[in-house]
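Worksheet for the structure shown next.
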Amino acid sequence: MRKYVIMGVQGSGKSTQATMLAADLDLAHISVGDIFRWHVQQHTKMGAQVRRVMAAGELVGDELAEAVTAERLSQHDWNYGFVIDGFPRNRRQAEFFLESYDIDGVIQLDLPDSEVRRRVLARRLCSGCGMDYNLIAGRPAVEGTCDVCGGTLVTREDDTEEALAVRLRDYHEKTDPVLDLFRRKEYVATIDARPGKAEIQQAIRGSLRLPPYQPAAGQ
Ligand code: AMP
């Protein structure tokens, strides 16, 4: 059983790297942000509660974030382990998490704020299947259209200059201290998030002493 936390500021490639790691090692990829986005898209009661907060780039209340995470982890569909992304985001959440789960490693994707800004403002998301695109590095074949499902590409509601400034400030004020806490208790692998995605994945594997990443042909 392998249990990892992946951390990094918005646009650092957390979701991409967590997906690659989870697919290869049969881990459940648990993204708290994705769960909240699903609720917004489905217009659930919770979605209505969090939509404005998310769009402003602010953090949802701890109680709700903790409840959503605990509920997701209680599904126990993670026989081989999990990689959790987007949680914990502050000290209280970290303490809550460590009370219930022991973890094998924390992956910190490190990216300077200037690069974060460049990447996040170029980020697009398929409104149909959720596939991620980036107008700098991962353009779709047809502008504005998803290569996979043909859906329309949209900008995440919180990928604006204003919301990004809030998220960066929160990250440094609230999430950086979580890394200090993990550094004292657990193994933190700090990975440079600037190279290409295969190289980053390789570095993660090396740091966590996992089998090397073998990209599929053509990647
Ligand atoms: P993410 O996809 O991880 O960037 O998360 C998108 C948004 O969901 C964040 O800006 C927050 O509004 C909310 N969110 C995700 N995870 C948490 C968390 N652990 N605590 C509070 N809010 C969260």
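The values are calculated or read from the model by the stated rules, or taken from the named source; none is laboratory data. The structure displayed is predicted, hence computed values, not measured ones. Here Cβ is always computed from backbone atoms with ideal geometry, including for glycine, and neighbour counts include all displayed protein chains. Accessible surface is based on the protein model in full, side chains and every heavy atom, while ligands, DNA and RNA are left aside. Shrake-Rupley method; radii C 1.70, N 1.55, O 1.52, S 1.80 Å.
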| remark: Note: A67 to E173 extended length (0.36 nm per residue) minus current alpha-carbon separation gives 35.9 nm
| Helix-derived mean residue ellipticity, 222 nm - over the chain, DSSP H n ≥ 4, -39500 (n - 2.57), to 500 | -13000 deg cm²/dmol
| field | Computed accessible area, S15, all protein chains, 1.4 angstrom probe, square angstrom | value | 40
| For region 147-177, list residues with backbone N below 17 Å from a point placed 7 Å from the Cα of A23 toward its Cβ? | 147-150
| note | Rounded to a whole %, the carbon-and-sulfur portion of the accessible area of the chain at a 1.4 Å probe is 49
| Length released on extending from T190 to R117, taking residue separation times 0.36 nm less the Cα-Cα span | 24.3 nm
| message | Checking a compactness column here: for region 52-202, what do you get for Rg(Cα) / (2.2 N^0.38 Å), N being the number of residues? | response | 1.14
| request: State the extension gain, in nm to one decimal, for the chain segment bounded by M131 and L181, taking 0.36 nm per residue of separation less the distance between their alpha-carbons. | output: 14.7 nm
| task | Can you figure out the FRET efficiency of H43 with T155, using R₀ = 25 Å and their beta-carbon distance, to the nearest 0.05? | result | 0.80
| said: Given the whole protein assembly as supplied and a 1.4 Å probe, what does the accessible area of M7 come to in Å², nearest 10? | reply: 10
| Whichever lysines have a C-alpha closer than 26 Å to that of K185, once near sequence neighbours (fewer than 8 apart) are set aside | K3, K14, K174
